[in-house]
Amino acid sequence: MRGRYVRSIISDRVISDALASHFVGLRYRNPPGGAMACLNSKIARCTLSLREAGVTRTFTSVNRAAFEILCEENDPRVAAIGGLWARPKAYQA
């Protein structure tokens, strides 16, 4: 599969990634001030490895995992997905 990936290694047991084009970037206002970016994909891949009694079992979900990254608006991953989604003026409060 070609394309730029956004990846998060949550631990040595959980790896989630998705093509950058499979994300939408949303802006969230931070109540104390400023804003954060939430990068969201509903069609990510996730690999989970569980070890019990010396046996490791690995589970993989392709194009079915939800994946969110909360980060600062100037985080390089925001640019990697093409920036934040701009809410149409008709929907702005």
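The values are calculated or read from the model by the stated rules, or taken from the named source; none is laboratory data. Note that this is a predicted model, so its numbers are computed, not measured. Cβ: placed from backbone, ideal geometry, glycine included. Neighbour counts: every protein chain shown. Note: accessible area is taken over every heavy atom of the protein model, side chains too, but ligands, DNA and RNA are not part of it. Shrake-Rupley method; radii C 1.70, N 1.55, O 1.52, S 1.80 Å.
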If we sort 38-51, 71-84 on the protection proxy, mean other Cβ atoms within 10 Å, highest first, what's the order?
-> 38-51, 71-84
With the other protein chains left in place, how much accessible area per residue, in square angstrom, belongs to the range 15-77 at a 1.4 angstrom probe?
-> 67 Å²
Around Ala35, with a cut-off of 11 angstrom between Cβ atoms, what is the net charge of the other residues, counting Lys and Arg +1 and Asp and Glu -1?
-> 0
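What full-extension length gain, to one decimal in nm, is calculated for Asn63 and Ala86 as 0.36 nm per residue of separation minus the Cα-Cα distance? Before the final figure, lay out the partial values.
On the way: separation 23, 0.36 × 23 = 8.28 nm, distance 2.52 nm.
The span from Asn63 to Ala86 would gain 5.8 nm if fully extended.
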